[in-house]
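The values are calculated or read from the model by the stated rules, or taken from the named source; none is laboratory data. Values in this document were obtained by computation on a predicted structure and should not be read as measured data. All Cβ positions, glycine included, derive from the backbone under ideal geometry; neighbour counts span all protein chains shown.
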Amino acid sequence: FRSLARAIVFQQLNGAAAATIFGRVRSAVGAEDDETAMTPEAFARAKDEDLRACGLSARKLEYLRGLAARFSSGDDDDDDDGRRPALTDDALEAMSDEKTTATLLELKGIGEWSVHMFQMFYLNRPDVLPVKDFGVRQGMMIAYGLRDPPKEEKMREIAASWAPYKTLASMYMWAAAD
């Protein structure tokens, strides 16, 4: 939960501003350090006014509320019982990359880039290519002498030879872009 919540908070913000806001959110829910990790239940108990005062936009608060609900009690869907089971860290770790992607993309506020970062840095998946990442795109352009930043299909074509280590190769692309 914490890693996905962090991804939502960090979207479209510079790192320093996002880190400040995320720190305030953690404090507001009583998770001020890594030993008292932010839980969906603690987030659900926090008041909207307190969370908005941390610097969260109304949209991000909505996304975070949905994420907390999905992790704490499940969510409505079309199954016979009308509910999906609550997400857990263990369940996400056990899923294939494809299943993780499909499951997380159902959540409002989680896009392909966030899923890829989650797979790479939380789930430690070795074969992830973040095709929406600007740095990887720029790194490919530099490393492969391309005139223009590659489109997603070209990125996949280039990265095919990197399997099963696309995550590591993507990190090299970030380094090339720096």
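Can you find a residue that is on the phi > 0 side of the Ramachandran plot and exposed (fewer than 15 other Cβ atoms within 10 Å of the Cβ) anywhere in region 135-157?
yes
Listed residues R59, R52; which is under 20 Å from L105 (Cα atoms) and modelled with pLDDT of 95 or more?
The match here is R59.
Looking at region 6-17, which of its residues are aliphatic (A, V, I, L, M) and either surrounded by fewer than 18 Cβ atoms within 10 Å (Cβ to Cβ) or not assigned by TED's automatic domain parsing to the domain that holds T100 (or both)?
Passing the criteria: L13, A16, A17.
When you scan region 87-98, do you find a residue that is assigned to a helix (DSSP H, G or I) and closer than 15 Å to A169 by Cβ, even just one?
no
Test each condition in (1) at pLDDT below 85; (2) surrounded by 13 or more Cβ atoms within 10 Å (Cβ to Cβ); (3) within 28 Å of D133 (Cβ to Cβ) for D34 and report the one that comes out false.
(2)
Return yes when F118 is in contact with a Phe, Trp or Tyr (Cβ under 8 Å, 6 or more places away or on another chain) and either modelled with pLDDT under 95 or aromatic (F, W, Y) (or both) and no when it is not.
no
Take region 4-52 and flag every residue that is assigned to a loop (DSSP other than H, G, I, E, B), among the hydrophobic types (A, V, I, L, M, F, W, C) and farther than 23 Å from T88 by Cβ.
L13
Going by what's in this entry, would A91 be described as modelled with pLDDT under 95, touching a Ser or Thr at 6+ places or on another chain (Cβ under 7 Å) and surrounded by fewer than 16 Cβ atoms within 10 Å (Cβ to Cβ)?
When the stated conditions are applied, A91 does not pass them.
List pairs: first residue in region 98-119 and buried (at least 21 other Cβ atoms within 10 Å of the Cβ), second residue in a helix (DSSP H, G or I) and of a type in the set (D, E) anywhere in the structure, Cβ distance under 8 angstrom, at least six positions apart or on different chains.
Note: pairs meeting the criteria are Q119/D97.
Select from region 40-61 the residues that are surrounded by 12 or more Cβ atoms within 10 Å (Cβ to Cβ) and either basic (K, R) or within 16 Å of the chain's Cα centre (by Cα) (or both) and list them in ascending order.
Result: P40, R52, R59, K60, L61.
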